[in-house]
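Step one of this worksheet: look at the structure below.
The values are calculated or read from the model by the stated rules, or taken from the named source; none is laboratory data. Not measured: the values here are computed from a predicted model. Note that we place each Cβ from the backbone using ideal geometry, even for glycine, and neighbour counts take in every protein chain shown.
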Amino acid sequence: MRNAVMLHRRRLLTAMALAAAGTSAGTSWARMAAESLAPAAGAKIVIVGAGVGGATAAKYLKIFNPKIHVTLIDRNPNFVRHYGSSELLTGAVTMEDLTVSYDALHERYGVKVVRDTIIGLDADRKTVIGKTGRYAYDKLIVSPGIELLYDALPGYSADLAASRIPSGWIAGPQTQLLADYLQSMRSGGTFLIVAPPNPYRCPPGPYERAALVTEWCAKHNPTARVIITDPKNSFVTDETMILGWNRLYGFPIPADYSAKLSNYAKPSRDDCRLAWIQAHDGGKPLELDAAGMTVRTEAGMIKADVINIIPPMRAANIALEMDLADKTGFCPVDRRTFESSIIPDVYVLGDASIADAMPKSGFSANTQAKTTARAIVEELAGRPIPEPAWSNTCYALAGEDYGLFVADVFRIVNGKISRVNTRARYQFLTASPQEQAVAAHYLHSWMNTITADSFG
């Protein structure tokens with residue numbers, strides 16, 4: 001058993017090592033490079049957005065060349081991490097656990113951290129415009145995250161999201177509000193999750209949230225129901241997550257997954273409290289009736305006690321205000337460097353960028369930031385930009401001790417960022433309870449590690 005667990009771990013570590021080799025983000029390279037990058041010594045790099053992408057870029061720019069001037073700007077005093085935030089709903093973590101300081105970026109690496117709300121860009125003068133200041137740059141990195149399009153579902157709004165029907169997909173007050181609503185839900189109540197269309201941040205996330213809420217209800221509100229209504233028929237990690245739902249909560253395997261999963265599944269239970277309404281069964285949401293706490297779908301009306309709507313998404317408003325986005329609502333970039341295809345010397349990272357096969361995740365933003373930081377340092381020094389490689393691992397929980405994952409390596413193939421894995425991406429369907437518990441442990445270890453790598 002131990003050998004099987006270690007095999008899973010080696011495969012994950014091999015994928016990440018391959019990407020690390022492609023990005024050459026190690027400190028030994030950084031020390032050598034810093035000694036020979038005098039031409040870049042006075043360069044000014046401004047970074048808008050201090051989430052995972054922006055913070056990682058700031059840190060690694062200073063590691064690669066400490067003489068570069070790096071200014072990191074965000075409207076918030078701290079970062080509240082989105083990854084792992086669904087555990088707030090069940091009380092497994094607190095808002096304090098999710099809150100990350102920017103102090104180490106300044107104190108350890110010399111990054112200038114500025115709190116300001118950016119309202120525009122003067123690309124001709126290479127100046128970022130904030131409410132309280134202007135920031136000249138030689139290179140600009142924009143890592144603004146996502147904008148939730150509340151109004152895309154008729155009847156929903158930002159005001160409702162901040163009060164009666166929270167989304168909580170950008171971690172913060174809405175996440176805490178949703179936790180309060182869950183924990184005070186009447187006995188036998190219904191918790192409804194409205195899943196988003198593609199593309200969206202954290203592909204396994206809505207389904208992990210449903211699993212954790214189901215697990216919590218089994219302990220604290222055992223007659224409650226959890227329903228996911230979905231405009232899609234599938235999602236990343238769907239097979240392993242559905243198998244987790246089945247084993248933990250008695251979920252019946254959907255017909256379109258039966259051929260793949262039936263040999264590994266347990267019999268479904270009549271008392272299963274979790275339901276997933278796929279698009280082909282009428283799961284697409286059409287309208288919210290907030291007064292009646294009802295969502296109309298293609299299959300009919302669903303009345304709930306707590307409604308959690310995860311709306312469609314696009315790049316954050318500031319990316320559009322800077323004219324960095326195209327008609328998709330996201331930002332086209334040069335695949336090798338993530339430099340904007342629209343405005344030169346501006347780079348767009350993370351959820352806001354169009355990155356082809358790469359998912360919108362914290363891990364993706366972290367690895368994109370490293371390759372972009374190196375590309376900028378090399379270009380400023382007059383060196384060739386190396387061919388990049390990236391990695392991504394998305395962990396998720398089907399239950400407190402039931403972890404699963406998808407792990408990928410990416411390179412540019414025929415002008416697009418493509419997955420180049422030569423082995424299975426997902427946890428094996430034959431994974432044992434011990435291996436699932438190890439994956440849950442890896443999830444929490446990874447959250448600590450990526451936080452330290454990005455912000456410390």
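Evaluate the range 254-275: report whether one residue or more is under 30 Å from ALA50 (Cα atoms) and assigned to a helix (DSSP H, G or I). Looking through the range 254-275, none of the residues is under 30 Å from ALA50 (Cα atoms) and assigned to a helix (DSSP H, G or I).
Tell me whether the range 210-222 contains one or more residues that are at pLDDT 95 or above and closer than 19 Å to ALA161 by Cβ.
yes
For the range 293-324, which positions are over 15 Å from ILE146 (Cβ atoms) and among the basic types (Lys, Arg)? Across the range 293-324, the qualifying residues are ARG296, LYS303. If you go through the range 104-153 and keep only what is in a loop (DSSP other than H, G, I, E, B), crowded, with 16+ Cβ neighbours inside 10 Å and in contact (Cβ under 8 Å) with a residue 60 or more places away in the chain, you end up with ALA123, LYS126, TYR137, ASP138, SER143, PRO144, GLY145, LEU153. Among residues of the range 302-325 that are at pLDDT 95 or above and surrounded by 24 or more Cβ atoms within 10 Å (Cβ to Cβ), those with a beta-carbon under 7 Å from a residue that is polar (S, T, N, Q) and part of a strand (DSSP E or B) at least six positions away or on a different chain give the pairs LEU324/SER340.
Scanning the range 395-421 for residues that are assigned to a loop (DSSP other than H, G, I, E, B) and over 19 Å from THR337 (Cα atoms) gives GLU400, ASP401, ASN421. Just one of the listed residues (ALA92, ALA158) is among the small types (Gly, Ala, Ser) and either closer than 26 Å to ILE376 by Cβ or not assigned by TED's automatic domain parsing to the domain that holds GLY49 (or both), namely ALA158. When the residues of the range 312-338 are filtered to those that are part of a strand (DSSP E or B) and not β-branched (Val, Ile, Thr), the one that is nearest to PRO384 (Cα to Cα) is CYS331.
The residues on offer are THR294, THR214, and the sole one that is farther than 30 Å from ALA357 by Cβ, of a type in the set (Ser, Thr, Tyr), touching a strand residue (DSSP E or B) at 6+ places or on another chain (Cβ under 7 Å) and surrounded by fewer than 22 Cβ atoms within 10 Å (Cβ to Cβ) is THR294.
Out of LEU89, LEU148, one residue alone is aliphatic (A, V, I, L, M), in contact with a Leu (Cβ under 9 Å, 6 or more places away or on another chain) and under 20 Å from THR175 (Cβ atoms). It is LEU89.
Within the range 154-163, being surrounded by fewer than 19 Cβ atoms within 10 Å (Cβ to Cβ) and in contact with a helix residue (DSSP H, G or I) (Cβ under 9 Å, 6 or more places away or on another chain) holds for SER157, ALA158, ASP159, LEU160, ALA162, SER163.
Listed conditions (1) within 23 Å of the chain's Cα centre (by Cα); (2) of a type outside the set (Ser, Thr, Tyr); (3) outside any loop (DSSP other than H, G, I, E, B); (4) farther than 21 Å from CYS394 by Cα are all met by ILE193, apart from (4). On the stretch given as the range 70-103, residues that are part of a strand (DSSP E or B), free of Cβ contacts under 8 Å to residues at least 60 places away in the same chain and under 21 Å from ILE141 (Cβ atoms) total 3. Cβ contacts < 9 Å: first residue closer than 20 Å to PRO204 by Cβ and at pLDDT 95 or above, restricted to the range 401-430; second residue part of a strand (DSSP E or B) and acidic (Asp, Glu), any location; separation 6+ or different chain. Result? Pairs that qualify, where the first residue is closer than 20 Å to PRO204 by Cβ and at pLDDT 95 or above and the partner is part of a strand (DSSP E or B) and acidic (Asp, Glu), are ARG419/ASP408. The residue that is surrounded by the fewest Cβ atoms within 10 Å (Cβ to Cβ), counting only those in the range 186-205 that are closer than 21 Å to ARG164 by Cα and out of contact with any Pro (no Cβ under 7 Å at 6 or more places or on another chain), is SER187. If we keep just the residues of the range 326-374 that are closer than 18 Å to LEU140 by Cβ and of a type in the set (Phe, Trp, Tyr), which is surrounded by the fewest Cβ atoms within 10 Å (Cβ to Cβ)? In this case the residue turns out to be PHE330. Remark: pairs (first residue in the range 161-181, free of Cβ contacts under 8 Å to residues at least 40 places away in the same chain and farther than 14 Å from LEU89 by Cβ; second residue assigned to a helix (DSSP H, G or I) and among the aliphatic types (A, V, I, L, M); Cβ separation under 9 Å; 6+ apart in sequence or on different chains) = ALA162/LEU177; SER163/LEU177.
Restrict the check to the range 283-294 and report whether at least one residue is over 30 Å from ASP124 (Cβ atoms), in a loop (DSSP other than H, G, I, E, B) and touching a helix residue (DSSP H, G or I) at 6+ places or on another chain (Cβ under 9 Å).
Taking the range 283-294 first, the residues over 30 Å from ASP124 (Cβ atoms) are 283-294.
Okay, now just the ones that are also in a loop (DSSP other than H, G, I, E, B), so 283-284, 290-293.
Still in the running and touching a helix residue (DSSP H, G or I) at 6+ places or on another chain (Cβ under 9 Å): 290.
Yes; the residues of the range 283-294 include at least one that is over 30 Å from ASP124 (Cβ atoms), in a loop (DSSP other than H, G, I, E, B) and touching a helix residue (DSSP H, G or I) at 6+ places or on another chain (Cβ under 9 Å).
Mind checking whether some residue in the range 365-381 is among the aliphatic types (A, V, I, L, M), in contact (Cβ under 8 Å) with a residue 40 or more places away in the chain and under 22 Å from CYS202 (Cα atoms)? Yes; the residues of the range 365-381 include at least one that is among the aliphatic types (A, V, I, L, M), in contact (Cβ under 8 Å) with a residue 40 or more places away in the chain and under 22 Å from CYS202 (Cα atoms). Considering the conditions (1) over 26 Å from PRO66 (Cβ atoms); (2) in a loop (DSSP other than H, G, I, E, B); (3) without any contact (Cβ under 8 Å) to a residue 40 or more places away in the chain, ASN392 is excluded by exactly one of them, (2).
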